[in-house]
Amino acid sequence: LHGLRIGEALGMTWENIDLEYNTITVNQQLQDISMKLREGTRFETDSYLIKTIPKTVRSERNVPPQPPTKKMLLRTAVAERNGYVFKGQSGTSITYGNYKKRHFYPVIRALDLELKTHDLRKFFGSWHLGMNRTDIMTVSKWMGHRDPRVTMGTYAKVIEELEMKHQ
């Protein structure tokens, strides 16, 4: 619902969320490290995820939580609002692979859809530009793009329901 990259969403901590001022701060992401890159480093046996800065400088941004997300976040007990927002049973972050296996693919299969995780980001841009009529500069900012042409060229797609509505 926010146009975040999956790594940005999985790296989101409660410290990044200000429900009073209606802001989500995107300033970090989780990144898987391949086994080849881990050899000879502290990650060889320690961890396969690292917390890094977002993809680009422009990717560090503030976005407003959409109403369904804010509702979900408010349902979380205040005592549980620490660490990662999306965490595993042990309270640590979840990997991209676990997210896909345990959360994304079961929903996609149940809905009989063929999607990749990045398609959600593309839909976010298309929905805001087409259905919600959000201006391009705002959508581009929310998605962390320096140039709105990237948003228009890659993320603005025709939504069939909207197209049929105008016929």
Practice item. Working only within region 4-57, note down all residues that are modelled with pLDDT of 70 or more, in a helix (DSSP H, G or I) and either at positive phi or touching an Asp or Glu at 6+ places or on another chain (Cβ under 9 Å) (or both). Key: Gly7, Trp14
Revision key, fill the gap. Of the residues in region 100-126, those that are in contact with a helix residue (DSSP H, G or I) (Cβ under 9 Å, 6 or more places away or on another chain), farther than 25 Å from Asp32 by Cα, free of Cβ contacts under 8 Å to residues at least 60 places away in the same chain and outside any loop (DSSP other than H, G, I, E, B) come to Ser126
Exercise for review: Check Leu73 against each of (1) closer than 25 Å to His128 by Cβ; (2) of a type outside the set (Asp, Glu); (3) open to solvent by 80 Å² or more (accessible area, probe 1.4 Å); (4) not in a loop (DSSP other than H, G, I, E, B) and name the one condition it does not meet.
Suggested key: (3)
Check your understanding: Which condition does Val78 not pass, out of (1) within 17 Å of the chain's Cα centre (by Cα); (2) over 21 Å from Leu30 (Cβ atoms), if it passes all the others?
Key -> (1)
**Study point:** Residue check, Asp135 modelled with pLDDT of 90 or more and at positive phi
**Key:** no
Point to revise | Boolean, Asp135 is surrounded by 11 or more Cβ atoms within 10 Å (Cβ to Cβ), more than 20 Å from Arg5 (Cβ to Cβ) and out of contact with any Lys or Arg (no Cβ under 6 Å at 6 or more places or on another chain) | key: yes
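The values are calculated or read from the model by the stated rules, or taken from the named source; none is laboratory data. Small disclaimer: the values here were computed from a predicted structure and weren't measured. Note that each Cβ is placed from the backbone with ideal geometry, even for glycine, and that neighbours are counted across all protein chains shown. Accessible surface areas use protein heavy atoms only, side chains included; no ligands, DNA or RNA. Shrake-Rupley method; radii C 1.70, N 1.55, O 1.52, S 1.80 Å.
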